[in-house]
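What follows is a single structure, written as structure tokens, with notes after it.
The values are calculated or read from the model by the stated rules, or taken from the named source; none is laboratory data. This structure is a prediction, so every number in the text was calculated from the model and none was measured. A quick note on method: Cβ atoms are made from the backbone with ideal geometry, for glycine too, and the neighbour counts reach across all protein chains shown. Please note that ligands, DNA and RNA were not included when accessible areas were found on the heavy atoms of the full protein model with its side chains. Shrake-Rupley method; radii C 1.70, N 1.55, O 1.52, S 1.80 Å.
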Amino acid sequence: MQKLRIKGRYSLNGELNISGSKNAALPIMAACLLCSEEVEIDNIPALRDINTMIRLITYMGVKISKTSDNTVKINAHRIKEKFAPYDLVKTMRASILVLGPLLARFGEAVVSLPGGCAIGARPVNLHIEGLKAMGAEIDLKNGYIHAKARRLKGCEFSFNPVSVTGTANLMMAACLAEGATILNNCAKEPEIVNLGEFLISMGAKINGLGSDHILIEGVDKLEATACRVIPDRIEAATFLIAALITKSNLKLNGALAEHLREPINLLEEAGASISIAQEFIEVTSLNEIIPVSFTTSPYPGIPTDIQAQLMVLNVLAQGESSIEETIFENRFMHVLELQRMGANIKLQSNIAKIKGVSQLQSAQVMATDLRASAALVLAALVANGETEIDRIYHIDRGYENIDKKLSLIGAQVERIES
Ligand code: UD1
């Protein structure tokens, strides 16, 4: 196992390239199962979760070749296994994204139930109910979802609550269903729009992307295409926060401000000067941090995926703030570790009350999930002394070369063996 060792209190400066979005790349790769022709995908980030998806679809018989560092060709012409084993699904919940495509194209799929997760219960009932509404027969046996359908049929289905991978799964399945499907209360995340546009470029008939209601008219088959994964808005937001807490100037090439409107407004309220261009976002922050209270919500609100990182900002702000987490019930695992570094945070069910402190101290800490580990990296960048973060496989699931990127802009970061 590897650790990150970070020496704090170095200011950051310079520019870096924002990688492709993990949460857009994963459903796009799963969507390749819908098509028997070759598809080319560009801007795929080099991440553990992407490797897990590659292992999963390769196991099913998909042929994948790399044409450059971040471009792959995926050919799902021949699929021998319509099966997603527990060993792979347990390491990445997004493996559930193969369920809709397999069932829609082959009429059968056996996919492990993802089970528990560090940040909450995370059920998949909506994925299952939606596919049943399309006529699938679904049995849950021995921890697996066994799904069958002669051909899925269009239906009307409403999500409650809004689910990102739920929307992706049903949208993909509906592309090859017979007739029209209406999905209500859909996720509006840019990653869903990226997936939908990819499906449209394969010949799918989809309307309403980015809105609450998505309409899909099923087609008989999808065809070869090429697509580009959008930049990772969560990675970009994490580096914007890094600039604020270290009082630095950073230019994030490729970051898209239109996907980050509310987070950018919040960071400006916290004292950042942010300039926006088509190809980059630049942030400068020399001021004291103003505390910013917020509530997480589905897009376009403040994403739960940056709640932990924004907590570090508030921990260092001059004054008090509160953070309400509304998406996942147990997403405060980072609080205990931040407290060990000197943060003043009190938890009252799903609300964190924070009093800013002037300095964090280094400590040995442990990453517990992907975004919690990003928060610990941020805290380490400003702590007195040397912080060691253990179990960084969590961060490698979703941040491409985080240690190299941080070193490039002046942070003192080493990756070491535990
Ligand atoms: C996706 C993202 C994840 C992000 C989350 C919320 C990917 C691969 N992952 O996760 O990074 O943190 O959106 O923005 O894109 N729910 C149900 N039943 C279901 C499905 C979900 O009750 O069948 C609930 C969940 O417990 C949660 C809420 O819906 O409370 C939102 O979860 P969802 O949007 O499904 O999260 P994911 O798609 O798993």
*Would you say residue 11 is small (Gly, Ala, Ser), open to solvent by 10 Å² or more (accessible area, probe 1.4 Å), over 17 Å from the mean Cα position of the chain (by Cα) and over 30 Å from residue 388 (Cβ atoms)?*
no
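Going by what's in this entry, would residue 323 be described as more than 22 Å from residue 248 (Cβ to Cβ) and open to solvent by less than 30 Å² (accessible area, probe 1.4 Å)? Don't jump to the end; show me each part of the working.
Values: more than 22 Å from residue 248 (Cβ to Cβ): yes; open to solvent by less than 30 Å² (accessible area, probe 1.4 Å): yes.
Yes: the conditions hold for residue 323.
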*asked:* On the basis of being touching a strand residue (DSSP E or B) at 6+ places or on another chain (Cβ under 9 Å) and either on the phi < 0 side of the Ramachandran plot or modelled with pLDDT under 95 (or both), does residue 131 make the cut?
replied: yes
*Give just the number: which of (1) within 16 Å of the ligand (Cβ to nearest atom); (2) on the phi > 0 side of the Ramachandran plot; (3) modelled with pLDDT of 95 or more does residue 57 not satisfy?*
(2)
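Return the residue satisfying two criteria in turn: it lies in segment 352-366 and is open to solvent by 50 Å² or more (accessible area, probe 1.4 Å) and more than 16 Å from residue 289 (Cα to Cα), and of such residues it is modelled with the lowest pLDDT.
Out of the qualifying residues, it is 366.
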_In segment 255-277, residue most open to solvent (accessible area, probe 1.4 Å) [restricted to those that are closer than 20 Å to residue 191 by Cβ and part of a loop (DSSP other than H, G, I, E, B)]_ = 256
_Need pairs with beta-carbon distance below 6 Å; first residue in the same structural domain as residue 113 (by TED's automatic domain parsing) and touching a residue at least 24 places away in the same chain (Cβ under 8 Å) and within segment 154-175, second among the polar types (S, T, N, Q) and within 13 Å of the ligand (Cβ to nearest atom); sequence gap 6+ or separate chains._
158/185; 159/185; 162/185
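Considering each of 370, 338, 313 in turn, give the residue that is among the aliphatic types (A, V, I, L, M) and within 12 Å of the ligand (Cβ to nearest atom). Give the steps one after another, and end with the answer.
Numbers: 338 fails: within 12 Å of the ligand (Cβ to nearest atom); 313 fails: within 12 Å of the ligand (Cβ to nearest atom).
The conditions single out 370.
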*Top-ranked residue in segment 39-78 [being in a loop (DSSP other than H, G, I, E, B) and under 18 Å from residue 223 (Cβ atoms); ranked as most open to solvent (accessible area, probe 1.4 Å)]*: 78
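Before we move on, is residue 209 more than 13 Å from the ligand (Cβ to nearest atom), modelled with pLDDT of 95 or more and either touching a His at 6+ places or on another chain (Cβ under 8 Å) or assigned to a strand (DSSP E or B) (or both)?
Numbers: more than 13 Å from the ligand (Cβ to nearest atom): yes; modelled with pLDDT of 95 or more: yes; either touching a His at 6+ places or on another chain (Cβ under 8 Å) or assigned to a strand (DSSP E or B) (or both): no.
No.
So which of 362, 358, 322 is polar (S, T, N, Q), more than 15 Å from the ligand (Cβ to nearest atom) and under 25 Å from the mean Cα position of the chain (by Cα)? Give the steps one after another, and end with the answer.
Values: 362 fails: under 25 Å from the mean Cα position of the chain (by Cα); 358 fails: under 25 Å from the mean Cα position of the chain (by Cα).
Every option except 322 fails the conditions.
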*Which of (1) more than 16 Å from the ligand (Cβ to nearest atom); (2) open to solvent by less than 10 Å² (accessible area, probe 1.4 Å); (3) touching a helix residue (DSSP H, G or I) at 6+ places or on another chain (Cβ under 6 Å); (4) closer than 14 Å to residue 309 by Cβ does residue 387 not meet, given it meets every other one?*
(4)
*Residues of segment 20-38 satisfying the condition of being open to solvent by less than 10 Å² (accessible area, probe 1.4 Å) and over 19 Å from residue 99 (Cβ atoms)*: 20, 21
*asked:* Could you check segment 183-203 and list, in sequence order, the residues that are within 15 Å of the ligand (Cβ to nearest atom), in a helix (DSSP H, G or I) and open to solvent by 20 Å² or more (accessible area, probe 1.4 Å)?
replied: 193
